[in-house]
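Let me begin by presenting the structure, written as structure tokens, before commenting on it.
The values are calculated or read from the model by the stated rules, or taken from the named source; none is laboratory data. Fair warning: this is a prediction, and the values are worked out from it, not measured in the lab. Using ideal geometry, Cβ is built from the backbone for each residue, glycine included, and neighbour counts are taken over all protein chains shown. These area figures cover heavy atoms from the full protein model, side chains too; ligands, DNA and RNA do not enter into them. Shrake-Rupley method; radii C 1.70, N 1.55, O 1.52, S 1.80 Å.
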Amino acid sequence: MTGRRRIQIAQPVLGEEEWQALREPIETGWLTQGPKVAAFERAFADRHGVRHAIACSSCTTALHLILAAMGIGPGDEVIVPSFTWVATANAVLYCGAHPVLVDVDRATYNIDPGVIADRLTPRTRAIIAVHLFGLCADIDAIAAAAPGIPIVEDAACAAGASYKGQPAGSLGAAAAFSFHPRKSITTGEGGMVTTDDDRLAELVSRARNHGGSISEEQRHRGPKPYILPDFDMLGFNYRMTDLQGAIGLVQLGKLDRFIDERAGWADYYRRELADLGWLRTPLAPGNSRHGWQAFTCYVDEPRAPRSRNEIMDRLETLGIATRPGTHAIHMLGYYRDRFGLGPDDLPGARDCDRCSVSIPLHNRMSADDYAYVVEALHRID
Ligand SMILES: Cc1ncc(COP(=O)(O)O)c(C=O)c1O
């Protein structure tokens with residue numbers, strides 16, 4: 001192994017079609033939310049089997065918009081798995097509500113439905129089900145544990161994934177997607193809310209545009225473009241630009257190919273790494289279509305030749321980028337100090353924080369790259 005190779009943890013696939021898609025917004029000068037965003041929204045809603053898709057600036061703002069539109073505020077509680085990107089819980093705090101951090105299942109990395117019932121109170125207003133790394137959370141078990149409590153999907157990693165044949169994004173009251181470049185499809189930054197609820201869609205759509213009663217596009221194309229709309233609710237500027245919308249539309253057309261390709265290489269990794277007793281490769285239950293945003297393994301440290309961090313170090317010197325799966329929110333300084341939490345309060349999330357490692361899986365890798373990663377992992381002693 002030479003160590004001269006460099007394999008990134010993620011690399012978007014952008015090319016000629018995306019360049020061409022940018023031509024129209026640049027030539028017409030329509031740069032902010034407009035016809036390209038509208039087309040992207042329509043196509044995204046169709047692909048994910050929902051009535052509404054509302055584009056915004058990130059998954060973080062998508063989550064904030066959903067919770068705000070649900071009327072969640074001070075005094076309310078929202079259940080959040082602790083092993084997820086910090087934005088999931090931050091969105092609850094933006095609303096002035098309390099994120100009730102709960103533990104995750106070490107096997108799936110997703111919320112452990114078995115711990116939910118004990119954390120429900122009369123103030124519980126929603127559960128955020130995170131589909132971490134592209135694997136859908138067990139929505140049926142979550143719904144059974146908390147009858148009547150709305151489920152919000154954090155589908156940041158789950159574009160194109162499905163659960164028991166139903167697309168991510170259509171499994172709860174509403175869902176939030178991310179188009180950050182580490183996701184399967186990207187618009188640079190970007191997010192999407194999906195929902196079947198007409199009223200929620202209307203509120204989200206207005207709130208992302210300062211709370212205006214009609215969009216800029218409706219106003220400009222309407223009979224009296226010189227009249228400003230009313231602003232009768234508190235809103236934000238969380239819009240997606242038409243440049244991003246144009247790229248998103250092209251990327252969405254490639255989503256299934258990207259996932260199929262990743263699924264093929266995920267199978268390869270699972271086969272080729274099966275003999276490493278100390279490395280547990282991710283689960284891919286037969287009843288779900290994994291979105292394969294990341295290939296996140298679990299280092300069984302008592303059996304491993306080295307610690308997780310030493311293994312990451314070793315791979316880095318061989319030119320292979322890795323990352324911890326994500327972090328445990330209850331161990332992050334802000335949450336630890338504000339809520340007086342310790343690592344052992346949520347041991348599943350703690351262990352995933354310490355032992356998970358994502359190895360490269362993306363659509364710019366060659367067969368040689370995959371073989372190189374497999375060989376490097378076998379050489380760790
Ligand atoms: C599970 C999860 N939720 C939310 C986010 C936030 O997404 P964005 O960067 O689009 O705001 C991420 C991003 O990594 C994520 O992984």
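Tabulated data for the structure shown
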{"read-out": "Within a Gaussian network of the chain (alpha carbon springs, distance under 10 Å), most fluctuating of Ala201, Ala284, Ala141", "value": "Ala141"}
{"read-out": "Stokes-Einstein D (µm²/s) once Rh is taken as the Kirkwood radius of the chain over alpha-carbon pairs, at 4 °C in 1.567 mPa s", "value": "60 µm²/s"}
{"read-out": "Between region 47-91 and region 96-111, the alpha-carbon center distance in angstrom", "value": "14 Å"}
{"read-out": "Choice from Ile214, Ile259, Ile185 showing the highest fluctuation, given a GNM over the chain with Cα pairs closer than 10 Å", "value": "Ile214"}
{"read-out": "Extreme residue, positive dipole direction of region 17-86, given options Val37, Val80, Trp19 (C-beta unit charges)", "value": "Val37"}
{"read-out": "Nearest-10 value in Å² for the accessible area of His98, using the 1.4 Å probe", "value": "70 Å²"}
{"read-out": "Lys164 accessible area, assembled protein chains, probe 1.4 Å, Å²", "value": "110 Å²"}
{"read-out": "Sulfur and carbon atoms: percent of accessible area, the chain [1.4 Å]", "value": "51 percent"}
{"read-out": "Arg336, Arg199, ranked by accessible area, largest first (probe 1.4 Å)", "value": "Arg199, Arg336"}
{"read-out": "Inter-part distance where region 145-191 and region 117-144 are each reduced to a Cα centre, Å", "value": "13 Å"}
{"read-out": "Among beta bridges that DSSP assigns inside the chain, antiparallel share in %, nearest 5", "value": "60 percent"}
{"read-out": "Gaussian network model of the chain, Cα within-10 Å springs - most flexible of Gln293, Gln218, Gln166", "value": "Gln218"}
{"read-out": "Computed log₁₀ I(q)/I(0) - Debye formula, equal Cα scatterers, no solvent, region 212-273, q 0.22 Å⁻¹", "value": "-0.96"}
{"read-out": "Charge dipole magnitude, Cβ of K and R +1, D and E -1 - the chain, Cα centre, debye nearest 20", "value": "380 debye"}
{"read-out": "Peptides ranked, highest mean first, by Cβ atoms within 10 Å: ranges 9-20, 144-155", "value": "144-155, 9-20"}
{"read-out": "Distant alpha-carbon pairs in region 97-255 (separation over 29 angstrom), percent", "value": "28 percent"}
{"read-out": "Helical mean residue ellipticity (222 nm; -39500 (n - 2.57) per DSSP H run of 4+; nearest 500) of the chain", "value": "-11000 deg cm²/dmol"}
{"read-out": "Radius, Kirkwood style, for region 167-266 when every pair of distinct Cα atoms is counted (Å)", "value": "15.6 Å"}
{"read-out": "Hits among lysines - C-alpha to C-alpha of Lys183 under 29 Å, sequence gap 8 or more where chains match", "value": "Lys36, Lys164, Lys254"}
{"read-out": "Long-range Cα-Cα pairs in region 249-381 (distance over 27 Å), rounded percent", "value": "28 percent"}
{"read-out": "Region 320-362 - Kirkwood radius from inverse mean 1/r over Cα pairs (Å)", "value": "11.2 Å"}
{"read-out": "Reachable lysines, given that their alpha-carbon falls under 17 Å from the alpha-carbon of Lys224 and they are not under 8 places away in the same chain", "value": "none"}
{"read-out": "Translational D in µm²/s for region 1-153 (Stokes-Einstein at 20 °C, 1.002 mPa s, Kirkwood Rh from C-alpha pairs)", "value": "118 µm²/s"}
{"read-out": "Folded to 0 to 90 degrees: helix 198-207 orientation relative to the chain principal axis, Cα", "value": "90 degrees"}
{"read-out": "1.4 Å probe accessible area per residue over the chain, in Å²", "value": "41 Å²"}
